[in-house]
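Okay, so here's the structure we're looking at.
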Amino acid sequence: MEFSMIFTVCSALLLLSSSSADAQTASPPSLSPAPAPAPASDFVNLTDLLTVAGPFHTFLSYLQSTKVIDTFQNQANNTEEGVTIFVPKDSAFSAQKKPSLSNLTDDQLKSLILFHGLPHFYTLSEFRNLSLQNPITTFAGGQYSLNFTDVSGSIHIGSGWTNTKVSSSVHSSDPVAVYQVDKVLLPEAIFGTDIPPTPAPAPAPDIAPSADAPSADSDGKTAPSSEPKPSSSNRIINWGSLIHIVLAISGGFLF
């Protein structure tokens, strides 16, 4: 009896020890790593974009000095509307003599630069429909508006003082559109409505007719040529010579 009790206890101890060993040697289940979150999309850095394109150094300098670059960048990064910017090249500022931009106050200069932006992203194809909604308000406010015209697929921009066109697309991907223009956009709200007339094109140079070409009189008829014509006396002499020759030949046949 005691022997069977001892045998039972030893068997139970052996079973417990083997179960504990198996539990220690069993490896935990492997877990697949969680996928990394997708990186946030990068915003277009307007300063970097205008630095490498163009050259737009003058316009970029005005953007930075007036802090308008922050307004445009915030519109691009933090709104669903996006932004459209019209950027004149350095040569456009060099050609801008009258009116001069050097006499503007700080507020006027800031309004001038804001005048080159629209608080909405527009593709080139959308400007065709936008021309039906003229005038279009810019970042500078209600008095600072632009008129757009589609001329055979070319987008023309009018500001009163300035008539220019979009010459190329620098960047056009939602939410930022940057288009190059040939001239600085000048608003009437700053420079007034006394706009100087556009100079007339130079007349074509007069080309003198060649000496051999016949001239025309006032009735559109061509004047007679100055070359001498045969006179009537010459014609009579020629006919007389012909008659003598015929008579001489006839007399030869008679004899």
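Computed with a 1.4 Å probe over protein heavy atoms only, the accessible area of Leu132 comes to about 150 Å². Accessible-area rank, largest first, for Lys67, Lys183, Lys98: Lys98, Lys67, Lys183, with all protein chains present and a 1.4 angstrom probe.
Given a 1.4 Å probe and heavy atoms of the protein chains only, how would you sort Thr58, Thr149, Thr66, largest accessible area at the top?
Final ranking, largest accessible area leading: Thr149, Thr58, Thr66.
For Gln64 and Glu188 in the same chain, what is the full-extension length gain: residue separation times 0.36 nm, less their Cα-Cα distance, in nm?
Working: separation 124, 0.36 × 124 = 44.64 nm, distance 2.37 nm.
Gain in length upon complete extension: 42.3 nm.
A straight chain from Ser94 to His57 at 0.36 nm per residue would run longer than the Cα-Cα distance by 12.1 nm. Heavy-atom accessible surface of Ser65, to the nearest 10 Å², is about 80 Å², with a 1.4 Å probe and all protein chains retained.
As a calculated quantity, the FRET efficiency between Asn78 and Ser169 at R0 = 41 Å, using C-beta atoms, amounts to about 0.95. In terms of packing, defined here as the mean over residues of other Cβ atoms within 10 angstrom, the peptides 153-165, 78-90 line up highest first as 78-90, 153-165.
I'd like to know how the stretch 34-130 sits against the 2.2 N^0.38 Å rule of thumb: what's its Cα Rg over that expected value? Mind dumping the intermediate values first?
Values: Rg = 16.2 Å, N = 97, 2.2 N^0.38 = 12.5 Å.
Computed over Cα atoms of the stretch 34-130, the ratio equals 1.29.
The values are calculated or read from the model by the stated rules, or taken from the named source; none is laboratory data. Computed from a predicted structure; not experimentally measured. Don't worry about glycine lacking a Cβ; one is built from the backbone with ideal geometry, like all the others, and counts go over all protein chains shown. For the accessible areas, the whole protein counts, side chains as well, though only heavy atoms, and no ligand, DNA or RNA atoms are used. Shrake-Rupley method; radii C 1.70, N 1.55, O 1.52, S 1.80 Å.
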